[in-house]
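Enquirer: Submitted below is the structure of interest, expressed as C-alpha cells.
The values are calculated or read from the model by the stated rules, or taken from the named source; none is laboratory data. Predicted, not measured: the structure shown is a model, and the values here were computed from it. Neighbour counts are summed over all protein chains in view; Cβ atoms, including those assigned to glycine, are modelled from backbone coordinates with ideal geometry. Ligands, DNA and RNA are stripped out before the accessible areas are found, and what is left, the full protein with its side chains, is counted by its heavy atoms. Shrake-Rupley method; radii C 1.70, N 1.55, O 1.52, S 1.80 Å.
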Amino acid sequence: MKNLSHSTSFPVVFARRALAGAVLSAMLATSLPAWAQQAPAAAGATAPAPTATGVVPVGDVSAVPAPTIAAKAWIVLDVNSGQTLAASNPDMKVEPASLTKIMTAYVVFNALEEKRLTLEQTVPVSEHAWRTGGSRMFIEPRKPVTVDELNQGMIVQSGNDASVALAEAVGGSEAAFATLMNQEAERLGMRNTHFMNATGLPDPQHMTSTRDLATLSAHLITDHPQFFHYYKQKSFTYNKITQPNRNRLLWADPSVDGMKTGHTDSAGYCLVSTAVRGDRRILVVVVGTDSEATRAEESLKLLNWSFQNFDTVKLFDKSQPGIDARVWEGTAENVKLGPPNPVSIAVPRGKAGDLKPVAQRTDPLIAPLAKGQQVGTLQFTLDGKVLRTEPLVVQDAVERAGFFGRMVDTVKRWFQ
C-alpha cells in the first residue's frame, strides 16, 4: 500500500530507511535457519495458501496498552500496512447511521472513475430525494444540482437528500443502488455488513461492524485518492445555507483530514477519523458513544496512541533484494524469493529489530519456475506472535536446463 503523505523531513526518512535496512539484514541472516525448522513440502507440492489465521493485532505485542475507550465498539487500523493495531468488539454488528455514506460515496466514486458520471453533470431531484428526512442539504425539485455539489452535500453536510439523489443517478433507484452497495461490500470482504439504503436511516437489516467500516474506509482512501479532498472540507454552502462539517477533529488536530460522522438515537454518536503524520496514516472507527464531544475525544486518544507508540517499516521494496534459494535442473542455480509486493509492517516503537520471518516453502525447487509463482508463505513474527502473513513468490523466471544440466543436478541431489 503506497504512502499517502510526503511531508516527512529528511532526517526522519533517513532514519526509517536505515531501520528498514537493518531489519531486512537481520531477516536475511536468520531466514535459512527459520526455514530449516519448518517441515519442507513434498517436491512439486502446491504451496500452502497465505492465511490470516493466528494473526494478532499489533497492540497485543506492545508494552503500552490501548487507552480505555467509552464506546460500544472501536478499531484502529494502520493504513500503510493494513494491520489492525487494536480493537474492541470489531465484529459486533452495529448500526452504521451516516457512516453508511462512506459506501454511498465509494460507489459514486466508482461511477465517476468509470465515466458513468461526471462532476459537472446535473442531476434531477426526485420527490423521494427531496422528502427524505434527517440531515439535509436542502436540494429542491426542478432546481439544477451537480454531482460535485451533491458530493459536498453528502460528505460535508451529511445530507440524506443528497445521498438519495446520487443513489438514483447511479442506480436508477435507491433500492437498486443498495444492491450495488452490497455487491461492493461482498467484494471488499465486509462479512458483517448489509445495506438497505444509501443514507443510514434506521432499518433492522441495515448493519455493519467497525472492522468492515475500517476496511471500506481504507479502500476509499487508497482506491479514490483524487476524491478524498471532500472529507477535509470544513463547510459547504448550498441554497444560501452554510453548514459546517460535523467532524470536530478537523479543527482540533491539523493532521486529521477526514473522515465521516454518524448519529441516530439507536446507533449513538459514531466517527470514522483518519490522520497523516509524517509518512504514516492511521484510521480509527468509533461507534456508539454518548455525545459529539465524546466521539471526537475518544477518537483522538486512539490516533495519538497509535502515532506515538508504533512505527511502520517497509521491506522488500526495489532497494532491498529478495532471499536467495537453490534451484535444481534450471538454467540458473539460484533464484530470489520474496513477497509479490513491498511489505509495510507496523511494529511497536523500538521493536523493529526483533521482527523475525518464518518461511515455509517447497523443497527442492525444481525448474521451470515462472515469475510470480507462489512457492510458500512468509510469516512475520514478533515475540512469537504472527503479525502478518504473505505469499512467498519467485521474483525472476528460471527456465528448465538442457538434458545434461538436469542429469548433473539429479546426481548432485543423490549425494545431498
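Enquirer: Just to confirm, what accessible area per residue do you get for the chain at 1.4 Å probe, in whole Å²?
Expert: Value for the chain: 44 Å² per residue.
Enquirer: Rounded to the nearest 10 degrees, what's the angle between the helix 10-36 long axis and the longest principal axis of the chain, both from Cα atoms, 0 to 90?
Expert: 50
Enquirer: Tell me, what ³J(HN,Hα) does each residue in segment 332-346 have, in order and in whole Hz, if you take phi through Karplus 6.51 cos²θ - 1.76 cosθ + 1.60 with θ = phi - 60° and put x for Gly and Pro?
Expert: Result, ordered by residue: 10, 7, 10, 9, 8, 10, x, x, x, 9, x, 10, 9, 10, 7 Hz.
Enquirer: Same structure again: Please compute the net charge surrounding Y238, taking Lys and Arg as +1 and Asp and Glu as -1 over other residues with Cβ under 13 Å from its Cβ. Mind showing how you got there, number by number?
Expert: On the way: positive: R136, K143, K240; negative: E140, D148, E149, D161.
Around Y238, the surrounding residues sum to -1.
Enquirer: What are the lysines whose alpha-carbon lies under 28 Å from the alpha-carbon of K240, with same-chain residues fewer than 8 places away excluded?
Expert: Correct list for K240: K101, K143, K232, K260.
Enquirer: Rounded to two decimals, what is Rg over Rh for segment 211-325 when you use alpha-carbon atoms and the Kirkwood radius?
Expert: On the way: Rg = 17.1 Å, Rh = 15.9 Å.
In segment 211-325, Rg relative to Rh is 1.07.
Enquirer: In segment 281-362, if the dipole is taken from +1 on Lys/Arg beta carbons and -1 on Asp/Glu beta carbons about the Cα centre, which of N309, P321, L283 is farthest to the positive end?
Expert: In segment 281-362, that residue is P321.
Enquirer: Any chance you could give the angle, 0 to 90 degrees and rounded to 10, that helix 403-414 forms with the longest Cα principal axis of the chain?
Expert: Here the helix axis deviates by roughly 80 degrees.
Enquirer: Would you mind counting up the charge near D91? Only other residues with Cβ under 12 Å from its Cβ, with Lys and Arg at +1 and Asp and Glu at -1. Don't skip to the end; give the middle numbers.
Expert: Details: positive: K93, R191, R211; negative: D212.
My count for the surroundings of D91 gives +2.
Enquirer: Can you tell me the order of 277-290, 78-91, 95-108 when each peptide is scored by its average per-residue count of other Cβ atoms within 10 angstrom, highest first?
Expert: Values: 277-290: 23.8, 78-91: 20.6, 95-108: 25.8.
Sorting 277-290, 78-91, 95-108 by mean packing, highest first, produces 95-108, 277-290, 78-91.
Enquirer: Here's a follow-up. Roughly how tilted is helix 160-171, in degrees to the nearest 10 and between 0 and 90, from the longest Cα axis of the chain?
Expert: Once rounded, the angle reads 60 degrees.
Enquirer: Please work out how much length the chain gains when fully extended from S319 to N341, using 0.36 nm per residue of separation minus the C-alpha to C-alpha distance, in nm with one decimal.
Expert: Values: separation 22, 0.36 × 22 = 7.92 nm, distance 1.26 nm.
Here the answer is 6.7 nm.
Enquirer: Please report, in whole Å³, the volume per residue of the convex hull around the C-alpha atoms of segment 279-416.
Expert: 138
Enquirer: Can I ask one more? Under 10 Å from the Cβ of G262, count the other residues' Cβ atoms, weight Lys and Arg +1, Asp and Glu -1, and hand me the total.
Expert: Summing Lys/Arg as +1 and Asp/Glu as -1 gives +3.
Enquirer: Same structure again: Of the heavy-atom accessible surface of the chain (probe 1.4 angstrom), what whole percent is carbon and sulfur? Don't skip to the answer; put the middle values down first.
Expert: Details: 9920 of 18430 Å².
Roughly 54 percent of what the probe reaches on the chain is carbon or sulfur.
Enquirer: Pull up all non-local amide H partners of G258: gap of 5 or more, or a different chain, and H-to-H distance under 5 Å with H placed in the peptide plane.
Expert: The answer is T274.
Enquirer: Would you kindly give the portion of the calculated P(r) for the chain that falls above 34 Å, as a percent of all Cα pairs?
Expert: Numbers: 34788 of 86320 pairs.
The share of Cα pairs beyond 34 Å in the chain comes to 40 percent.
Enquirer: So what J values fall out for segment 177-187 if you push phi through Karplus, 6.51 cos²θ - 1.76 cosθ + 1.60 with θ = phi - 60°, rounded to Hz, Gly and Pro as x?
Expert: Rounded to whole hertz, the list is 5, 4, 4, 5, 4, 5, 5, 5, 4, 5, 4.
Enquirer: Taking the Cα centre as origin and putting +1 on Lys and Arg beta-carbons and -1 on Asp and Glu beta-carbons, what dipole magnitude results for the chain, to the nearest 20 debye? Don't jump to the answer; show the numbers that get you there.
Expert: Values: 41 positive and 39 negative charges, 160 e Å.
For this selection, approximately 760 debye.
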